[in-house]
Amino acid sequence: MIPNELSVGELAERSGVAVSALHFYEAKGLIQSVRSSGNQRRYARSVLRRLAVIKVAQRVGLPLAEIAKALDALPSGRTPTVADWRRLSAAWKQELEDRIKTLTQLRDQLDGCIGCGCLSLKACPLRNAQDAMAEEGAGPHFK
Ligand code: FES
């Protein structure tokens, strides 16, 4: 049985997150502790679930600032409920899809660069992010 309050060592052991990372997350406002009478950090058991969400979000590749923003948006900064997690994971899935789309596009554009070497601001889609000719496909379009 998990006690209602955990020391930083107990939290690290149960969550698989290093003590240094826990301190870092706390400094960034992702998790909170209270002080014991001996001035030691004590974490509510619910922090374990919060850490699970943070770890999954990091695996998805979300920056900590974005994770903190999502957690802050929960009422009273609560630990995500099942419904919260469904909503967050659905939103993060969409972000992952968007990133996959961007990376796929970059990979395809890089295909056009292989063997080209022009690095032209006009012709190379990787040099020119606002490339008006991107719709025409990767690679040089001007001879
Ligand atoms: S180097 Fe990128 S299209 Fe030529």
Spelling out what I want: for every residue of region 3-17, take phi, set θ = phi - 60°, compute 6.51 cos²θ - 1.76 cosθ + 1.60 (Karplus), and round to whole Hz; glycine and proline get x. x, 5, 10, 10, 6, 4, x, 5, 5, 4, 5, 6, 8, x, 9
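Restricting to DSSP H runs of at least four residues, report the calculated mean residue ellipticity at 222 nm for the chain, -39500 (n - 2.57) per run over all residues, nearest 500 deg cm²/dmol.
Working: 5 runs with 72 residues, N = 143.
Only helices count here, giving -16500 deg cm²/dmol.
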Full extension between Gln94 and Val82 adds, at 0.36 nm per residue less the Cα distance, a length in nm of 2.5 nm
Straight-line reach from Lys28: which lysines fall under 21 Å, measuring Cα to Cα and dropping same-chain residues less than 8 apart? Lys55, Lys69
Which parts of region 89-124 would a label at Val56 reach, counting a residue when its backbone N lies under 12 Å from a point 7 Å out along Cα-to-Cβ? 89-93
With all protein chains present, how much of the accessible area of the chain (probe radius 1.4 Å) comes from carbon and sulfur, to the nearest whole percent? 54 percent
Taking a crude spin-label model, label points 7 Å out from Cα along the C-beta direction, the Arg127 to Val8 distance in nm is 5.1 nm
Sort the chain into rounded, prolate or oblate with this rule: let a ≥ b ≥ c be the square roots of the eigenvalues of the Cα gyration tensor; rounded if a/c is under 1.5, and if a/c is not under 1.5, prolate when a/b is larger than b/c, oblate otherwise. prolate
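The values are calculated or read from the model by the stated rules, or taken from the named source; none is laboratory data. Nothing here was measured: the structure is a model prediction, and the numbers come from that model. Reconstructed Cβ throughout: ideal geometry from the backbone, glycine too, with neighbour counts over all protein chains shown. SASA here: full protein model, heavy atoms, side chains in, ligands and nucleic acids out. Shrake-Rupley method; radii C 1.70, N 1.55, O 1.52, S 1.80 Å.
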